[in-house]
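*Asks:* My structure is below; once you've seen it, I'll send some questions.
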Amino acid sequence: MTDETPTGVARAMKEPAKHSIFLPALLIALAVAGWSAFQTWQLIGERRFLSESMESQQPQIEQSEKVREALQKLSGGLNAIARSGNANATVVVEQLRRQGITFADEPALSGDGSEAAADQ
């Protein structure tokens with residue numbers, strides 16, 4: 001027996017294999033395109049959900065604005081009664097001020113409480 005190999009096998013062993021970059025590049029491009037499509041699909045769904053959530057909250061927002069306006073009218077009237085000299089209204093207004101509630105017709109208290117100390 002001889003140590004010779006067939007010519008085709010010997011040639012394949014001596015020459016480096018030639019591979020194309022096409023298949024890996026195609027797979028990467030498909031992966032990026034698929035990921036982009038998935039992210040787009042998710043963002044569209046989240047945007048729709050956010051829009052529906054905002055629309056469903058609109059009646060509560062309108063109701064809270066009505067309650068806020070009514071409370072401002074009530075507190076303004078209570079403050080006017082207190083300024084006219086009603087002792088009970090003055091006590092209520094002072095208690096509300098101590099709790100940090102301001103009235104529409106007076107400036108807000110500063111953060112250091114100097115105006116509250118001046119009232120006492």
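The values are calculated or read from the model by the stated rules, or taken from the named source; none is laboratory data. These numbers were taken from a predicted model, which means no experiment stands behind them. Because the Cβ atoms are built from the backbone with ideal geometry, glycine has one as well, and the counts that use them run over all protein chains shown.
*Asks:* Select from the range 1-11 the residues that are part of a helix (DSSP H, G or I) and either surrounded by 10 or more Cβ atoms within 10 Å (Cβ to Cβ) or at pLDDT 80 or above (or both) and list them in ascending order.
*Replies:* Residues satisfying the conditions are ALA10, ARG11.
*Asks:* With GLN72, GLN63 as the choices, which residue is surrounded by 10 or more Cβ atoms within 10 Å (Cβ to Cβ) and at pLDDT below 95?
*Replies:* Going through GLN72, GLN63 in turn, just one is surrounded by 10 or more Cβ atoms within 10 Å (Cβ to Cβ) and at pLDDT below 95: GLN72.
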